[in-house]
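Asker: I'd like to ask some things about the structure below.
The values are calculated or read from the model by the stated rules, or taken from the named source; none is laboratory data. Predicted model, so just to flag it, every value in this text is computed and none were measured. For accessibility, only protein heavy atoms count, side chains too; no ligands or nucleic acids. Shrake-Rupley method; radii C 1.70, N 1.55, O 1.52, S 1.80 Å.
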Amino acid sequence: MRTALAAALLVAAAALGTVQSAGTAHARPAGHPGAAPSPDAPHHGAAPSPDAPHHGTVAGARTPGHDAGRDRAVEALKDGRAAHRHARAAALTHNWWGIFPQPGTHDGITATHSVDPAYHVSDPDNFTYAPTTKAQNACIEVVTAYWNSGNELWAWDWCSQNGGPAKILPLDADFRAKYTTAVDGRPAFSIQLVKDAGTGNCWSSYLYDYRTAQWELLYRQSGTDQSDLDYGWDIFEIYASVNPATHVGYYCTEARNTVFDSSAIQLRKNGAWKPARPADSPWTEDKPSGRDFLCPPLKFLQVGASDHWTVRQ
């Protein structure tokens, strides 16, 4: 017999989408905590403490100007989310997989996300947002955006009238030198979303600076969350179409060697941080099929209880 939580998840999945699992050993960042990183090499260390100092701002983040490629990527995300809210079809295949932190379980989320500078999306109408994270009722979603004109980190504003990326940061060499560590030999960065103390729905997003060992402010916003979804997420998400030459999604070929990974996922409640668990962060679905993602060889791995997932071929 299904529990109330499982029934609620089915409703959420029907409203937002679906997808998995397969277990493997629990991977963790390589290296030794506290070791001084070289400015010319990837940092190595454990996932940062969510309670590490919060100081300064992300200097390279900027308000986006007009860019035709980014505009298409933004509209695809808006259309895809609206399609699920209003039960209408989206132009592209839109699917996702990961965890849904449930209502009332948190007022903050943190995670360490992989990034692949070699992954390039060729088709101007295909987009990969992975990983992407939002807390329940948060004004901000932090998106790893792979698209035709360039790879970026977005602070997506869910509390403004029009929505969209309020701050962007190129995933370039400068970003990797400052904000990434090595997780299983691949670069990864750590993000944090927290509801600020006091009245009102005010949220702050942070990036962890591995050179200075502190969290830097990426974007802050207050207001009413207009996503119309009362749970959070940490997911792998695609907007894809079939390449007629290969009969699979464009990204399926282009991301053949890319590993999408989210580890050290923690939720904050009553001031305390704890790893995400199935009771508060159920998986979007068990055993998803790569075919539903236009990529039959795709594997969806539940590496941790709910605090670590990997998607790869």
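Asker: Any aspartates and glutamates with Cα under 13 Å of the residue 195 Cα? List them, leaving off those in the same chain fewer than 8 positions away.
Answerer: 107, 141, 225
Asker: Using alpha-carbon positions, what is the distance between the centroids of the range 247-313 and the range 91-155, in Å?
Answerer: Taking the Cα centre of each part, the range 247-313 and the range 91-155 sit 11 Å apart.
Asker: In Å, the Kirkwood hydrodynamic radius of the range 256-313 over pairs of distinct alpha carbons?
Answerer: 12.6
Asker: Which number do you get for Rg(Cα) / (2.2 N^0.38 Å) in the range 169-260?
Answerer: Details: Rg = 17.7 Å, N = 92, 2.2 N^0.38 = 12.3 Å.
Cα-based Rg divided by the globular estimate yields 1.44.
Asker: Continuing with the same structure: Which of the pairs 178/299; 178/274; 167/287; 134/274; 274/299 have their Cα atoms more than 23 Å apart in this structure? Intermediate values should be presented prior to the final figure.
Answerer: On the way: 178/299 30 Å; 178/274 26 Å; 167/287 35 Å; 134/274 17 Å; 274/299 27 Å.
Violating the 23 Å Cα-Cα cut-off are 178/299; 178/274; 167/287; 274/299.
Asker: At a 1.4 Å probe, what is the % contribution of carbon and sulfur to the accessible area of the range 165-206? Present the calculation step by step, with values, prior to reporting the outcome.
Answerer: Values: 750 of 1430 Å².
The nonpolar share, carbon plus sulfur, comes to 53 percent.
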